[in-house]
Amino acid sequence: MAVITRRALAPIGAGLLAAPALAQGWPAGTIRIVVGFPPGGSTDAVSRLLAPHLQAAFGQPVVVENRPGASGNLAAAAIARGPTDGSQWLVVFDTHAVNPALIPNPGFDARRDLAPILLIGTAPNLINVHRDRPWRSMQEVVAAARARPDTITFGTIGNGSLAHLLMVLAQRNGDFRLVHVPYRGGGPLATAAMAGETDLAVATGTIFVPHFQQGVLRPVAVSSRERSRLRPEVPTLAEAGIPGVDARAFWGVLCAAGVPRPIQQRMEAALREAIALPPVQQRLTEVMGIELALAGPEEFGRFLEEQMETWARVVRENDIRPD
């Protein structure tokens, strides 16, 4: 997906932010950006990167609030059942598209009760080997797993996460067996990966930047159909002999479905303006490895529907259960 420049967005964003009609009904006081994972993960990092720029645009406090639990479902439920005045917004990760199939009674309807605002971007997951382990490639990992099934461990941000599901597919399509170790978010996974608690760590490169810099982890495969632009030296799973896996994480912003459309539009415009700032765009793309999408409500809604259908099928076919 192409990177969008600030110059291209400025007329649209400035018009939306300045329109008096859009300002009517905008909430007073603090605006909360709710994240469904602990501090240290990618959703938290994206939210804290954008928050000060949103605060400047609105002229009022914007705070990031972490409400971890149930792979982001607790935060999503709180937003879905919360105020509809635009004082609370939700930043989601790929687990948002899996939870409807994974959690029997989520307490809300993800399609009906939440409104998509902006799909920020996507990124492939990286399958990483800790430096203390002997494997130098995904082929070596697979060979070791076939020789000793259910002995090699891999950590993810949680049961039912995209990383978990793609590894379920990889094991089925590649005929090998690993042991899944779920953590409760990117922060805990990053800490565990640094300590070598698991043989493999699977997530987007967003949370592993220090690990790569210090040589703690070495990526052996990416989960997308094509090689990563930021790590072109890392082969895809298909190149490693494991076909049929094409999975990308995503980051997006939603709100309660009852939030008036003019308020939704004002937030969308402010988000686009913030992301168009060169330092923000550079950090999202070059540091965090996110390929910008900047898809608005309709396109983001279609994207979510496709993701929910795809991963619900994987959950059903493999009888995956929540933690």
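For region 157-180, the candidate set comprises residues that are outside any loop (DSSP other than H, G, I, E, B) and in contact with a Phe, Trp or Tyr (Cβ under 7 Å, 6 or more places away or on another chain); within that set, the residue that is surrounded by the fewest Cβ atoms within 10 Å (Cβ to Cβ) is HIS180.
Residues in region 240-252: is at least one assigned to a helix (DSSP H, G or I) and surrounded by fewer than 22 Cβ atoms within 10 Å (Cβ to Cβ)? No; the residues of region 240-252 include none that is assigned to a helix (DSSP H, G or I) and surrounded by fewer than 22 Cβ atoms within 10 Å (Cβ to Cβ).
Scanning region 191-238 for residues that are among the aromatic types (Phe, Trp, Tyr) and surrounded by fewer than 20 Cβ atoms within 10 Å (Cβ to Cβ) yields a single hit, PHE212.
On inspection, TRP311 qualifies as under 29 Å from PRO104 (Cα atoms), at pLDDT below 95, not in a loop (DSSP other than H, G, I, E, B) and not aliphatic (A, V, I, L, M).
The test for being buried (at least 21 other Cβ atoms within 10 Å of the Cβ) and out of contact with any Ser or Thr (no Cβ under 6 Å at 6 or more places or on another chain) holds for GLU268.
Within region 277-300, the residues that satisfy the criterion of being part of a helix (DSSP H, G or I) and surrounded by 19 or more Cβ atoms within 10 Å (Cβ to Cβ) are LEU284, PHE300. Note on region 195-238: among residues that are among the aliphatic types (A, V, I, L, M) and assigned to a helix (DSSP H, G or I), the one that is nearest to the chain's Cα centre (by Cα) is ILE207. Restricting the first member to region 140-153 and to residues that are hydroxyl-bearing (Ser, Thr, Tyr), and the second to residues that are part of a helix (DSSP H, G or I), the beta-carbon pairs closer than 8 Å and six or more apart or on different chains are THR151/ALA145. The requirement of being part of a loop (DSSP other than H, G, I, E, B), farther than 20 Å from GLN265 by Cα and in contact (Cβ under 8 Å) with a residue 60 or more places away in the chain is fulfilled nowhere in region 112-123; no residue meets it. Of the residues making up region 183-226, those that are free of Cβ contacts under 8 Å to residues at least 24 places away in the same chain and within 20 Å of TRP135 (Cα to Cα) are MET194, ALA195, PHE212, GLN213, GLN214. Would you mind stating whether VAL253 is modelled with pLDDT of 95 or more and of a type in the set (Val, Ile, Thr)? Yes, satisfied. Screening region 1-108 for helices (runs of 4 or more DSSP H) wholly inside it with 3 or more residues that are modelled with pLDDT of 90 or more and not charged (D, E, K, R) returns the ranges 42-58, 73-80, 95-102.
The values are calculated or read from the model by the stated rules, or taken from the named source; none is laboratory data. Here the structure is a predicted model, which is why all the values come from computation and not from measurement. Every residue, glycine among them, receives a Cβ derived from its backbone with ideal geometry; neighbour counts consider all protein chains shown.
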